[in-house]
Every structure is written in C-alpha cells, then in structure tokens.
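Right, one structure below, let's go through it.
The values are calculated or read from the model by the stated rules, or taken from the named source; none is laboratory data. All figures in this text were calculated on a predicted structure; none of them were measured in a lab. Here the Cβ positions follow ideal geometry from the backbone for every residue, glycine too, while neighbour counts run over all protein chains shown. Heads up: the accessible areas ignore ligands, DNA and RNA and are worked out on the full protein's heavy atoms, side chains in. Shrake-Rupley method; radii C 1.70, N 1.55, O 1.52, S 1.80 Å.
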Amino acid sequence: MPISIDPLFVLPLLVGLFCIALVAVVCIVALLRADRADTVAVVKALPELVATLLRFRRRARR
C-alpha cells in the first residue's frame, strides 16, 4: 500500500527548512563579519542570557 504525501503538508515543511537554513547563513555571515572583540563579548554573554530566558520561562508557567 503506497503512502501518499499531502502537498499541503510538504510546502510548509519546505518553507520552514528554507527559513532555518537562511537564518543559519545570516548568523554565520554576521559572525564572520563581526569584530573579534564583539564576537567574544556575545559568546561570554550567552550563559547569562540563557539563565534569564529560563527564569522568564519558569515565571510565565506559574
């Protein structure tokens, strides 16, 4: 029994994959063009950003 794939399901999936790939390319280009000091500052700030987002997420669930 062949499995039919609904085109209305495939199109949003392809659009989503394209968007994820586009965002990845934009981020990589931005990192390559950024000054080294700026990149290091962003990487050092990531743990604090993650902690803040997790606190916000926990507070929003209550």
task: Mind listing just one residue for me: the one in segment 1-52 that is among the hydroxyl-bearing types (Ser, Thr, Tyr) and part of a helix (DSSP H, G or I) and, of those, least open to solvent (accessible area, probe 1.4 Å)?
output: Thr39
message: Any residue that is touching a Leu at 6+ places or on another chain (Cβ under 9 Å) and either at negative phi or of a type in the set (Gly, Ala, Ser) (or both) - is there at least one of those in segment 14-26?
response: no
